[in-house]
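Inspection log for the structure reproduced underneath, given as structure tokens.
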Amino acid sequence: MTDDQKRTEGPTSGARNARMARELESHLAFLDTFTGAALGVLSVASGIYTYLGVSSLLDGDGAMQAFAAIAYSVAVSTGIFVFWSYMMRLFPAMRTARSRAGLLGAMGLGSLAIIAMSSWLNAAALAGAAAVEQHLAETVQDYQAALERSHEIALSAQGLERDVARAQQSFADLSEQEADGGLSGFAGRGAVFRVLRQKSQELSALQEQIAQQGPLVDAAFTEGNALLSEMRALTVEPGPVQARSVEFSEKAVRLAGIVAELRQLSVAPLVARAAQDLSASVVLPELDGTNEAMRGAQGATITSVLNVLAQRATTLEAAAQEVVQMEPAAEVEYTPVSAADAVILYAGNFVPSWAGAIAIDLLPAVLVLILAVTHGAIRAGRDGAPIEDRMTIAELRAALAAARDVDAALIAGRQTAQAPDLSTDHAQRPSARAEQVPETAQGAPSGAPK
């Protein structure tokens, strides 16, 4: 292949790589003009949100709190700017895998430090108020569940009134039968009648107590629902969330008292104790039959009545125990939380806010990787190309100028070295001519024509 064919073949791969490297360097030179400013803007923006987040954590109100928040945010902004400036300068310059792995580990550690000192505060500034409102809404749901469960247990206990009324009516009917002589065979209001009437009156008093609790249960449940409505309104009401949290806390205390009141209004334990006493505390009257046969009939009837009484007491106690053993409402206690704590507690509900807060701090990591790839491509393009392909016109001009300077210096040095030799030749030439003159004079007569 001739030289002309080689020249017409086009640029070699080395020349193409060198040209790509020069283009990338020109692009990087342009990007470097505003990269520092962009990094500074990101750092300042992160510092502003950090200031808003840390302000919600500091106690007190005044100049010292503002100064502390400003100092912390300035320190965070400075740290972010310096850290990423180091990484953007040093990481792309690393050539060995070991050095890159070391700086990559340092970058990971620094990123964790940035998240710990800045990103979660940024998330608190972005979604702190919404997270606190989420906490209030979750608390309202817990209180609503506790209120409804307590009301359900109280209503179940009120349902025991029907069992008590049925037992009371059965003893009242038996007493009426005994008055007509239907039980013992002897009409009148004797010992058997008095036993039956005694238990009927006890159950009637218990029924009245249960009935009296009904309006109290309904009133407590109505008041609790009203408080729940007010608390729901506070979760979505416009205005500062901290002020709403204070009012919410006051209503939560009142609602907790209502839930406790509903627990106390349950009559199931009362019915269980009354059922135990129903058969255990029987005052047996003296048999008042006029003869032995009548007294025997009264004793047998009273024994049968006591057996029935024990059965009814067992049934009533079992029904009451079912209510007592119902799972009680969970204990609910409202705990105020700050915006920063709430955004961590409910982080799963605010993933976009967390992503934005972290991205504003760690976005320069992408720039670091871009610079590392670009510098690697530049080095690959330069290392694989000969020197004549890597040199730019400016570098070629500089090289030619340097070569001319070197040539001029060499010529000047040679001239300086030759100058003493010339002066020595000039000093020796007159004496040589002087020696030649006498020789000529002496040889003239001999050389003259005769």
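Points 7 angstrom from Cα along the Cβ direction at A145 and A394: gap in nanometres?
7.0
Length gain on complete extension for the stretch E322 to A402, per 0.36 nm per residue less the alpha carbon to alpha carbon distance?
So the chain would gain 18.2 nm between E322 and A402.
Going by how many other beta carbons lie within 10 Å of each one, how would you line up R312, R22, fewest first?
Ordered by Cβ neighbours within 10 Å, fewest first: R22, R312.
Taking the Kirkwood radius as the inverse of the mean 1/r across Cα pairs, report the Rg/Rh of the range 190-271.
Value, to two decimals: 1.35.
Between E152 and A330, what FRET efficiency comes out of the Förster formula 1/(1 + (r/R0)^6) with R0 = 22 Å and r the beta carbon distance, rounded to 0.05?
Here the calculated transfer efficiency is 0.95.
Starting with the fewest neighbours, write out T222, T374, T33 ranked by other beta-carbon atoms found within 10 Å of each beta-carbon.
Lowest count first: T33, T222, T374.
Taking the number of other C-beta atoms within 10 Å as the exposure measure, put H27, H135 in order starting with the fewest.
Taking fewest neighbouring Cβ atoms as first place, the list is H27, H135.
Using the beta-carbon distance between A377 and T96 and R0 = 25 Å, what value does 1/(1 + (r/R0)^6) give for FRET efficiency, to the nearest 0.05?
0.90
Could you calculate the FRET efficiency of A226 with S249 from 1/(1 + (r/R0)^6), where r is the beta carbon distance between them and R0 is 22 Å, rounded to 0.05?
0.80
What trypsin sites (Lys or Arg not before Pro) in the range 227-260 are in a loop by DSSP, with at most 11 other Cβ atoms within 10 Å of the Cβ?
Loop-located and lightly packed - none at all.
What nm distance separates the two modelled labels at L270 and Q242, each placed 7 Å from Cα along Cα→Cβ?
Once both label points are built, they end up 4.7 nm from each other.
Gain in length, V351 to Q169, computed as 0.36 nm per residue apart minus the alpha-carbon separation, to one decimal in nm?
Answer, rounded to one decimal: 59.1 nm.
Describe numerically, in nm with one decimal, the distance between label points set 7 Å from Cα along Cα→Cβ at T315 and at A409.
The two pseudo-label positions are separated by 12.4 nm.
Read-outs throughout are calculated quantities, based only on the coordinates presented, and are distinct from any laboratory measurement. From a predicted model like this one, the values you see are computed outputs, not experimental measurements. When we count neighbours, we look across all protein chains shown, and the Cβ atoms used for this are built from the backbone with ideal geometry, even at glycine.
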